[in-house]
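Please read the structure below before turning to the comments.
The values are calculated or read from the model by the stated rules, or taken from the named source; none is laboratory data. From a predicted model like this one, the values you see are computed outputs, not experimental measurements. Quick reminder, even Gly has a Cβ in these numbers, built from the backbone with ideal geometry, and neighbours come from all protein chains shown.
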Ligand code: THU
């Protein structure tokens, strides 16, 4: 469950990232934020380039930011801009790290900031018939790509394994 307080923080992160957009060519500033399974929020903005095709959208910047901090599962994503709608490439990237439950908040920042509206949809609704990493069998072939955090998975493995001290006690017992 995402509390209204958490959603407000997520929206605030996207709105504030939008202010950092580097968009001298399009003048179309976008901010995005993601809420990960650990409850942390990561943000990003669009970064354009004189070689236009090198531009990165805000959504991907935010997601790549989270991934670089070892945060994978996305509970919610937020996009802030003028009539925001994620492009096709970003929809596919969002899908990669989402489940059916991943909420997508679209914050419409019209010229009048008081008219800011927030619409809720979902990543899966935005990309029906997506190229699904699980259905394609590609993800299962590479367990490194699992959606969970690698740190989380490692901690779980450690919990399952007996601690080294217990092990050595048992080993000592056997030696007697
Ligand atoms: N843009 C985004 O950041 N996200 C989207 O989903 C759509 C487009 C950016 C890319 C470019 O810098 C500008 O908006 C105009 O296309």
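With respect to residue 119, is the statement that it is in contact with a strand residue (DSSP E or B) (Cβ under 9 Å, 6 or more places away or on another chain) and in a strand (DSSP E or B) true?
On the way: in contact with a strand residue (DSSP E or B) (Cβ under 9 Å, 6 or more places away or on another chain): yes; in a strand (DSSP E or B): yes.
Considered against the rule, which asks whether it is in contact with a strand residue (DSSP E or B) (Cβ under 9 Å, 6 or more places away or on another chain) and in a strand (DSSP E or B), residue 119 comes out as yes.
Being touching a residue at least 60 places away in the same chain (Cβ under 8 Å) and farther than 16 Å from residue 6 by Cβ is the filter here, so list the residues in the stretch 35-71 that pass it.
70, the sole residue that qualifies.
Name the residues in the stretch 62-71 that are surrounded by fewer than 22 Cβ atoms within 10 Å (Cβ to Cβ) and in contact with a helix residue (DSSP H, G or I) (Cβ under 8 Å, 6 or more places away or on another chain), would you? If you could, list the steps in order and put the result at the bottom.
Initially, the stretch 62-71 is screened for residues surrounded by fewer than 22 Cβ atoms within 10 Å (Cβ to Cβ), giving 64-65, 67-70.
70, the sole residue that qualifies.
Return only the number of the condition from (1) surrounded by fewer than 12 Cβ atoms within 10 Å (Cβ to Cβ); (2) away from the ligand (no atom under 13 Å from the Cβ) that residue 37 does not satisfy.
It fails just one condition, (1).
So which residues in the stretch 64-87 are more than 9 Å from the ligand (Cβ to nearest atom) and over 18 Å from residue 42 (Cα atoms)? Quick ask: steps written out before the conclusion?
Keep residues of the stretch 64-87 that are more than 9 Å from the ligand (Cβ to nearest atom), which gives 64-78, 80, 82-83.
Result: 82, 83.
Could you please find all residues in the stretch 40-63 being farther than 18 Å from residue 97 by Cα and near the ligand (Cβ under 8 Å from one of its atoms)?
Looking only at the stretch 40-63, we keep the residues that are farther than 18 Å from residue 97 by Cα, and these are 45-55.
Answer for the stretch 40-63, where residues must be farther than 18 Å from residue 97 by Cα and near the ligand (Cβ under 8 Å from one of its atoms): 45, 46, 47, 48, 55.
For residues in the stretch 101-116 being in a loop (DSSP other than H, G, I, E, B) and at pLDDT below 95, which is nearest to the ligand (Cβ to nearest atom)? Can you show your working first?
First, the residues of the stretch 101-116 that are in a loop (DSSP other than H, G, I, E, B): 101-102, 109-112, 116.
From what is left, the residues that are at pLDDT below 95 are 109-112, 116.
Numbers: 109: 13, 110: 16, 111: 17, 112: 21, 116: 18 Å.
Going through the qualifying residues, I end up with 109.
Cβ contacts < 9 Å: first residue free of Cβ contacts under 8 Å to residues at least 40 places away in the same chain and closer than 20 Å to residue 73 by Cα, restricted to the stretch 12-34; second residue away from the ligand (no atom under 11 Å from the Cβ) and assigned to a strand (DSSP E or B), any location; separation 6+ or different chain. Result?
So the pair list comes out empty.
For the stretch 21-29, does any single residue satisfy the condition of being under 22 Å from residue 121 (Cβ atoms), within 10 Å of the ligand (Cβ to nearest atom) and surrounded by fewer than 21 Cβ atoms within 10 Å (Cβ to Cβ)?
yes
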